[in-house]
Amino acid sequence: MSVKGILGKKVGMTQIFDDAGRVVPVTVLSVSPNVVTQVKTLERDGYSAAQLGFEDIKVEKLTRPQQGHLYHAGIQPKRFLREFDLQDGATVAIGDEFKADLFAVGEKIQISGTSKGKGFAGVMKRYGFRGGEMTHGSMIHRKPMSAGATDAARVFKGTKRPGRMGNERVTQQGLKVVQVDTERNLLLVRGAVPGANGGLVMIHKAHI
């Protein structure tokens with residue numbers, strides 16, 4: 001019984017073969033030890049959670065508040081700090097470490113990350129619009145055409161228009177752990193994970 005998730009980094013995608021000889025596409029996640037840097041309690045903070053630190057960093061690269069926070073906790077400087085809920089009845093202490101063995105083969109998980117940024121995009125690329133006619137004098141090949149009602153004299157919120165694509169928080173559900181490499185602290189997850197290689201991801205146990 002412990003936390004409901006940990007931090008990791010996306011290494012990349014590859015493929016493995018299962019016992020039946022079928023190809024299984026997997027994403028490799030590097031899950032170096034996550035250290036508990038702060039414990040939130042129901043009595044003091046109104047909720048129970050554990051703040052985890054991930055990836056070592058030089059102390060001079062942290063802000064003074066971050067340095068003081070980790071110094072008083074007695075933890076080496078960490079680049080990323082995130083909170084995770086505790087499992088029912090679980091208790092943790094500052095300095096506890098969680099690794100890849102937090103998850104088991106076959107366990108369902110969900111992963112949150114920042115999707116790849118694709119810059120400013122039109123509606124055909126951003127939303128899959130069909131586009132206009134390409135012949136007979138048409139002048140609206142890739143334009144979004146109507147922006148809504150004319151009597152409103154404004155564009156309604158949520159209208160699909162050109163704009164920035166990607167670079168937003170995405171949570172992928174329905175993923176499954178295929179392999180757990182405890183020696184190298186790697187997780188092999190069936191399917192695709194949000195973000196670019198090297199990006200930070202939050203790995204949560206699936207809500208059942």
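Only the coordinates and a few stated rules stand behind these numbers; no lab work does. All figures in this text were calculated on a predicted structure; none of them were measured in a lab. So basically every Cβ, Gly included, is an ideal-geometry build from the backbone, and we count neighbours across all protein chains shown.
Between residue 67 and residue 18, what length in nm is gained on full extension when 0.36 nm per residue of separation is reduced by their alpha carbon distance? Don't skip to the end; give the middle numbers.
On the way: separation 49, 0.36 × 49 = 17.64 nm, distance 4.57 nm.
Fully extending the segment from residue 67 to residue 18 adds 13.1 nm.
The phi torsions of the range 175-183, fed into the Karplus equation with coefficients 6.51, -1.76 and 1.60 and a -60° offset, translate into couplings of 8, 9, 6, 9, 9, 10, 9, 6, 6 Hz, rounded to whole numbers, with Gly and Pro shown as x. Here's how it looks for residue 12: its modeled amide H is under 5 Å from those of 28, which are all 5 or more places away or on a different chain.
Per residue, the chain reaches -2000 deg cm²/dmol at 222 nm when only DSSP H runs of four or more residues are counted, each adding -39500 (n - 2.57).
Of the chymotrypsin sites (Phe, Trp or Tyr not before Pro) in the range 109-208, which ones lie in a loop per DSSP and count no more than 12 other C-beta atoms within 10 Å?
Working: sites: 120, 127, 129, 156; in loops: 129, 156.
Of the chymotrypsin sites (Phe, Trp or Tyr not before Pro), the ones in loops of the range 109-208 whose Cβ has at most 12 other Cβ atoms within 10 Å are 156.
Just checking the listed ones, 44, 184, 161: in the Gaussian network model of the chain with Cα springs under 10 Å, the one fluctuating most is 44.
Estimated from the Cβ-Cβ distance and a Förster radius of 35 angstrom, the FRET efficiency linking residue 40 and residue 197 is about 0.60. Assuming charge only on the beta carbon of Lys and Arg (+1) and of Asp and Glu (-1), the dipole of the range 20-113 about its Cα centre is about 380 debye to the nearest 20.
For the cross-link pairs 99/176; 4/125; 125/176; 9/118; 58/99, the ones whose C-alpha atoms lie over 28 Å apart are 4/125; 125/176. Quick one: Debye curve from the alpha-carbon atoms of the range 90-167 only, equal weights, vacuum; give me log10 I(q)/I(0) at q = 0.22 Å⁻¹ to two decimals. The Cα Debye sum returns log10 ratios of -1.13. Axis angle, to the nearest 10 degrees, between helix 64-73 and the longest C-alpha principal axis of the chain: 40 degrees.
Given the Cα-Cα distance of residue 156 and residue 115 and 0.36 nm per residue of separation, how much length would full extension add, in nm? Stretched out fully, the residue 156 to residue 115 stretch lengthens by 12.2 nm. Diffusion of the range 1-67 by Stokes-Einstein, at 4 °C in a medium of 1.567 mPa s and with Rh set to the Kirkwood radius over alpha-carbon pairs, works out to 84 µm²/s. Projecting the Cα atoms of 17, 128, 115 onto the dipole axis of the chain, where Lys and Arg carry +1 and Asp and Glu carry -1 at the beta carbon, places 128 farthest toward the positive end. In the chain, the ratio of gyration radius to Kirkwood radius, Rg to Rh, stands at 1.11 when only Cα atoms are counted.
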